[in-house]
Structures are given as C-alpha cells and as structure tokens.
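Nothing in this text is a laboratory measurement; each read-out follows from the coordinates by a stated rule. Here the structure is a predicted model, which means the values were calculated and not measured. Cβ sites come from the backbone with ideal geometry, for glycine too, and all protein chains shown count toward neighbours.
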Amino acid sequence: MSQTVQASTCASKANDHSKGGCCGSTAGIANQAPPVGAGRSFRVNGLDCAEEVAILNKVLGPKLGGEDHLAFDVLNARMTILDSAAPLADEAIIKLVAGTGMSAKEWDADSADADHADHLARQKRFTALSAGFWAFGFAYHIVETGLSGAIGIFSGHGDSTMPVVEVGSFLLAVVFGAWLVAPKAWSAARRLSPDMNLLMMIAVAGAIALGEYFEAATVAFFFALSLALESWSVGRARNAVSALLDLAPPTARVISKDGTECDVTAADVVIGDRFVVRGGDRIPLDGDVIAGTGAVDQAPITGESALVAKETGDEVFAGTINGEGSLTIQATKLATDTVLARITRMVSDAHSRRANVEQWVTKFARIYTPIIMALALVIAVMPPLLFAAPWSDWFYNALVLLVIACPCALVISTPVSIVAALAASARSGVLIKGGAYIEIPSRLKALAMDKTGTITEGEPEVAAVYPLVTDEADLLSVAAALEARSSHPLARAILARAGDTMPAEDTRTVPGRGVEGMVEGRAVWLGSNRFATEKGAAIPSDLKDRIEKSGSTLVAIGDKEGLLGVLELRDRIRADAKDVIAQLHAKGIERIVMLTGDNERTAQAVAKEVGIDEVRAELLPEDKVTAIEELTREHEVVAMVGDGVNDAPAMARANFAIAMGAVGSDAAIETADIALMSDDIGKLPWLVDHSRHTMNIIRQNITVALVTKALFVGLTAFGMAAMWGAIAADVGVSLAVVANALRLLKVKEVS
C-alpha cells in the first residue's frame, strides 16, 4: 500500500513539475525551445535537394528583395524567410510555394518528424501503386505473348497491337508515378525554367504519343522510385543527426525537497534541480556532481575511449554514460541548451553552409539541363532533316536522351555525402560546422598552433625543486603558504606538489612581480627572476640558464636574508604531441608553425621536442594575425588551432579555425569552424583523413554519374539505347551513389 501511495505521489509531482513546483525545482523558469532561425520558418514538403532550393529561390526571391533573404535547411525541409526580407504575408508565401508543385506550412519542430514520415509514406504509396500497375501490365503481356513477347517488349517499340487491359495498366502506372512530379514540371514549364521534373514529363508524354506505353510506365515508375530513394537517403542522414540528441535519456530521476525521487521528463527539469544517475545509466542533462564518485564514458560527446573519473565538483554532460557508482548531479543547463543539444543543432544547421564541390554540382546541373534539352531537340530533328531518317525513331532517341540526362544521381550524391560526414565526425568528437569545412582540410598545407593548451596541456607542474639555504620540504611549505589563496595556474601547481598548508598572513600581490607575506612570523616573498633581482637576491646564472633553456618557468622564493631556493615549473607537453606532428607532416602538411606569447627560449624548447618547423614567440594577438596573413600569402590553405577566445583574431584570418577544449568553452564552440571536443590534438590527423575520405567518395559519385550519362548519351546518338535501359541505369547509379555516400556514416578510425 505504501509503495502505491509513494508512486502516486511521485506521479503527481511529475505532472506538476512543468509548473515549477515539484522536486526541488525553481519556480518561474521557462523551458522553451530556442528559435529555429532569425526569421519566419516553413516546412516545405518536396524540398529534398538543391534542385528545389533553386526553384524556391527563383519564385520567392524577387518577392522578398532577393535570394539573400532566404535560407534553406534541406536536411529538415525547412525554409526560413530572414528578418531582412521585404514584408510578405505567410499566406502569400504558402501560395507561392504551392505554385511550384511543393507545399508549405508554418514550421513546427514538434511535428517535423511526423511531417517527414508522412511525406516519405506518400511517396512510397504512389511509387508502390505505380510499381504494381507496371508489374501487372508486364505480367499480362507475358501471359498474352509468351516469353518471346516479354523479351520483345524490351527490344522494340511502337507495338500497336497491345491489348487495352495492358495499355490501361501501363497508363495507370504512369499516372501514379507522375502524380507528385507533374505539378513541379508544370511550374517549371510556366517559368520557362527547365529542370529534371520537366525532362521526365516530356519523356513520358513523348513515349505515350509514340504508343510506347511500356516505356512511359517504366520511366514514370523508376523516376518516382528515384525521388523516393532521394527522400529516404536524406531522411537516413537526418536520422543519423537526430540520433545524436537521442543519446540523452528522455527522463531524469529528480530528488524532491523531502528526499523522495521521481522520474521527470528531462525537458521539464530546470536549472538547480538535483537528479540521480545510477551506474550504467546515461546522464540526461549537463550538470555538476554534488555527491558520489564514478567513471563516466564521455565518448558520445568527446570521442574519448577511456573512462573519465568524476567526483564532487566535476562537470558532466548529457548523453554520456555513468560507468559505476551512483552520482547526484545538479542541473546547470536546460535540456535545450546542453552541449549535446547544441552539437546536434550545429550539425543539423551546418548543411546550409555548403562545400564548394556541392555548389559546383548545383550550378552544373542548372546549366546542364537546358543544354541537354537543346541537344535532344537536335537529335530529334537533324537526322530526319539531313538524312531522311524516320522521325519516330529519332524522336524516340531524343526522349531516351532526356531520360538518361536527368541529373538526379548527380545532384543527390554530394549533399548526402556531406551530411553523412558531418554526423560521423560529430560521433567521433569532432564538431564540423559546415560542408565547406568538411572539404577544406583535405587541401591543408600550413598549420599554425598555439602552444599553451594545444601542444601543451595548459596545466603546469613543479618539474624540480632547488633548495639553496633550507631543505626541500621547508621551501615548498613557504611557497605553498604564499600561494594558498591564489587561483593562478602556477599557484595550483605549487599547491599540488606541496599539499595542504596554512596560508600566509598579510599577503600582498606585487603586480607583474609576485607575492609577499608573513609565514610563522618571518617576511617571505615569491616571484619571478626580476622580483628576485629587485629584492637583491641573485639567482646562480648556471641554474637560471638551465631552467630557461629547458623551456621551464623559474619561480624564486626568499626572505629578508636572501634567496631560499628556486622552483622549476613546466607546462607538460601532451604525450602524443610529437607523434601527431609527425603524422601531420606525413600527410603532406608542408609547414607547422607555433604562435605563442611565451618567451623565445621556452617556445623553442617545446618546438624542438615535438618537431615543429617554425616558432614565433612573444607575440601579441595582433602579431598572431600578421603571422597568419603571411602564411596565407605563401600557402593555399592555412588553419589555426587555438582556444577559440584569446586566439580569435588570428583564427578569423585563417582559412579555417580549429578550437581546442570545446567541452569546457562555450566560446570555442560558437566561434570556431571546427571544434575538437576532447581536447585531443590526435584528432587533427583524423580530420585530414576524414576530409580526404569524404572528398574521394564525392569524386567517385560524380565520376560514376557523369561516366554513365556520357556512355548513354553516346549510345543514344547512334540510336543504340532504349528508354527503359536509360532510366534503369539512372536509378541504378542513384542507388550506387547513395549507398557509397552512406558509408561515411560509419566512423572510421584512421592513423
């Protein structure tokens, strides 16, 4: 009975949680999804590739003040009218879209998935009906004419003896196959802007006019199949992106003020709520650990394979997996603002920033279609006029050319490859913010890198202790007492080496020099070599030179009597830095340069140890910009790797920027073109390989599509191609390029 009551109470709390009154929630904090864009967004049914984008730009652009006021997300079939556009009512926009053969409605993120599913289901339904009537007509033909007749239907055309039942079946196959295409084709004809939909409808109509009902049905069915395939492949890529967000569980086990626990929808959890994550469970929201210890698998966010220890005060991220032990976490982000949610949005939106090769394919298809129509006209007219060839035969050949020339496979191959590559990189802990940045690393020639936090770990350690008057323990104790209340990285390193100690009294920071105070009644100080000189404490020159040549930082400690000793602090070089630099050189990166504000000796020591080609030290931010500008004049493609904040000016001047520490830095995610989510520079060679692998697949797809079309164009010119063969080849190529592109969804670890 008590369990029933507790469950009922918990359910009641969960129902009330959205109002801000249960489970220790903070009342009055709204939990709303962020806007999808700067303007009004619409869901456009039929927006599956760049072809439709071009159509919508032509129709809507002039009404809105230009195409620049429109933005498209093909992956999610979303069109956005930017705030900068000329005023145009929603009803007018929807009507204009309807005139293109597509349909639009106001964007609703909650119903987007259902809309996608409905659109694909509709395409499948019409394609299946077309296939069914095509198969029935073909089966009827076999029954009526036997096997020889079945072979004959593929080898000849113009059969005037076809039974009415068979003709009717093939015509119904045409109707259902062309049902979704005809409105787009009619729109293209009215606008005198030929596209692949118009090509197909002309071919189908021409085949019917010639009495080629089987050929007309085959073209209509296979073209409907290719469009359904296009929608499916885009949906597959979209689902791969959506799967990133699905890594976070939909509910969180929230702790109420009275200590009871209840499952609450993650979207209803507000900042400050406490929730429990048991061993083996996924973490639903970003937050800070407030109780418990565990080892968390952060691979879904960072791509790291090793578990990361977490204890009180550590930050955890939605979608990661608690390995063992129970963690109590306080939410620091809403479900819509977690690192995982932002990654998902960025990958989804990245497709709108298209790669150069993708833009080339779109422009090529736009020019290519009118040329093919003109060529088809020449093939239809010239042989009969010049050589008295049969009009019907060459009109048929012209229709074959229109079919095989359809740029569907060419247009679909590149965007599916780009989206698949973006999703795969995100799963590997590399956030790439646009198709352009998938392509450009493949051509990287020069790489500029910050030192601290990139080549080094950004966390100094005490490398050596040199007591001169006192012993090591006393020297460390004095240093730790002076630094006990400091949060400076050097202070943290000293405290980590010395352990807990009582803080010094009457401490005073001397800007640019160090710190001084009282320890056990005696005046002591700590600081740089300059501070020691000012205090009249000379550091032995051999010790000073040895520390500086090794690339370390010198910290002097003394009292009124003189120098007590010296600490050598060094920022640890990443364990894999040398290997990573060697891999980058092996992959053809011609020049790797370190840009740092550190002193020349320290920078040179680090560069020599890891194999960097060139060092530019003691640089201000503007000096780094100058260095990047020089590199871009000397090399085709230059990248800058930094923390995304201090190096932002230089990163902006490079051809593309790579941010380290994206998990811990919101600014890095927002400003860089690419973010390494795990702080792992080992992902740099992976990025170059992934980019080259993607570009190889895109080139393969384009080559296969163009070679197939060129082959059939040649066969058509000599009257050796059949319409059914042309469309079968086109659909076959579409299947091949889509399957090849989707191989990129599999994250491939490369060395």
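Computing FRET efficiency as 1/(1 + (r/R0)^6) for F364 and L82, where r is the C-beta to C-beta distance and R0 is 25 Å, gives about 0.40.
The P(r) of the stretch 57-202 has a tail past 22 Å containing 57 percent of all C-alpha pairs. Residues S84, S425 in ascending order of nearby Cβ atoms (within 10 Å, fewest first): S84, S425. Straight-line cross-link reach from K184 at under 30 Å between alpha-carbon atoms covers these lysines, not counting any fewer than eight positions away in the same chain: K58, K63, K95, K105, K124, K363, K709.
Inter-label distance, I290 to S148: 8.8 nm, where each label sits 7 Å from its Cα along the C-beta direction. Computed over the stretch 533-585, relative contact order equals 27 percent, with contacts defined as Cα pairs under 8 Å that lie 6+ residues apart. Cβ crowding within 10 Å, taken as a proxy for footprinting-reagent exposure, orders D286, D679 from fewest neighbours to most as D679, D286.
Rounded to two decimals, what ratio of Rg to Rh does the stretch 39-107 give with C-alpha atoms and a Kirkwood Rh? Spell out each step's value before the answer.
Values: Rg = 10.3 Å, Rh = 11.5 Å.
We get a ratio of 0.90 for the stretch 39-107.
If one puts a single equal scatterer on every Cα of the stretch 400-532 and applies the Debye formula without solvent, what log₁₀ I(q)/I(0) results at q = 0.18 Å⁻¹? Log10 I(q)/I(0), no solvent term: -1.01. For the stretch 39-107, the relative contact order works out to 45 percent when only alpha carbon pairs closer than 8 Å and six or more residues apart are counted. Of the residues R43, R236, the one with the fewest other Cβ atoms within 10 Å heads the list, and the complete ranking is R236, R43.
Just the number: Rg to Rh for the stretch 458-573, Cα atoms, Kirkwood Rh, two decimals.
0.92
When you count, for each residue, the other Cβ atoms within 10 Å and take the mean per peptide, how do 626-632, 201-207, 729-735 rank with the highest first?
The most tightly packed comes first, giving 201-207, 729-735, 626-632.
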